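Step one of this worksheet: look at the structure below.
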Amino acid sequence: MKNPFVTKGYAGPEYFCDRVQETVDLVKLLTNDNNMALISPRRLGKTDLIHHCFAQPEIKEKYYTFIIDIYATSSLADFVSLLGQAILDELKPRGRKTWEKFVGTLKSIQQQISFDMNGNPVWGVGLGAYTNPAITLDEIFVYLKTADKPCLVAIDEFQKITEYPDGQNVEAALRTHIQRCPNATFLFAGSKRHLMGEIFLSPSRPFYQSVITMGLSPIPIEKYKEFACAQFEKCGKSIQPDVVDIVYQRFDGITSYLQRLMNVLFLNTAQGETCSKDMIDVAINYILDLYTEYYDTLLAQMSEKQRNVFLAIACERRVKSVSGGAFVRKYHLQSPSSVMSALRGLLDKDLITQENGEYFVYDLFFQLWIERK
């Protein structure tokens, strides 16, 4: 790798920081037939941790592993399409006999699966092909039950199913299928704690008490500092340890931001040179300049009410009483009800998030960009 601070997915254990105990716990629980729920805010590295666990020898050599991210889905048909494609993509490199068994179970959409010039199947199933996605889901679970290896299925951003038009029915159907599928173990990852909590901790929901839940906290600062210094050193560069301290504190230890900024600091440090504190603001401004057009577009796409509320929250950094009279008056907002209406739209778009009763801008680089502008 030209740059060891990876910003686009899992690149292998040598570029993966810490999470030693979390990896041990997850692997042990999953390989002992425990369905799991992994719950933490986005950008802390849940998805990379899943890939890291699935790459461990005790899983890689003994299981079929399938990972899907359903954040962009809006229906059961979307969900089924992603799951089917993930299974097929994982099985194709394992030989014709392996993938033929899966394709053979998909009778409801079999005619929609095409083949390339080498005779390998291609998942070209359009959403219109799913006359009844529930039937296709049944067929996928028939395969999972009868696969020649045990299966591990990870579903990222699982709370998204609560937004499906038939979300309650999808939960019930999945729970029933999973109960009847001893050959597969499931890992449900999610970033919205309250929604994941409702799914798995509410007595009225199908998944109640069906999983072991596990949280994810920021990587400890000493572990990340050790990792960062080692990566610089391996590449013939060095970094002052207090640079890592400053970056870590500035971005609350959130892995995604740390990696993005360290990536730029690394590329700005010449071979044989040392990364110093005066390079931090230069790197941040470089990133903000790259994102300027994107953030301008996001602001332009907000309604006027949403934009005013968004900027007011950004000015405060963190706000508890968004609809309180003092906040409304200070920023000349229309009314408490108008603020709450705008806030709901901002929360739905993940532009604003809520944690421990406080509202704040979800993207910390967006927050810094607003402060600079």
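Brief remarks follow.
- Only listed residue being outside the structural domain of L351 (by TED's automatic domain parsing), among the aliphatic types (A, V, I, L, M) and in contact (Cβ under 8 Å) with a residue 24 or more places away in the chain, chosen from L333, L265, L311, L290: L265
- For the range 219-236, filtering for residues that are surrounded by 19 or more Cβ atoms within 10 Å (Cβ to Cβ) and assigned to a loop (DSSP other than H, G, I, E, B) leaves 1.
- Where helices (runs of 4 or more DSSP H) fall entirely within the range 1-112, those with at least 3 residues that are free of Cβ contacts under 8 Å to residues at least 24 places away in the same chain and either outside the structural domain of S256 (by TED's automatic domain parsing) or closer than 30 Å to Q209 by Cα (or both) are at 20-30, 96-105.
- Flag: P133 matches the condition of being assigned by TED's automatic domain parsing to the domain that holds K28, buried (at least 16 other Cβ atoms within 10 Å of the Cβ) and farther than 30 Å from Q354 by Cβ.
- Scanning the range 294-303 finds no residues that are over 20 Å from G345 (Cβ atoms) and within 25 Å of the chain's Cα centre (by Cα).
The values are calculated or read from the model by the stated rules, or taken from the named source; none is laboratory data. Computed from a predicted model, the values in this text were never measured in an experiment. In this analysis, Cβ positions are derived from the backbone assuming ideal geometry, glycine residues included, and neighbour counts consider all displayed protein chains.
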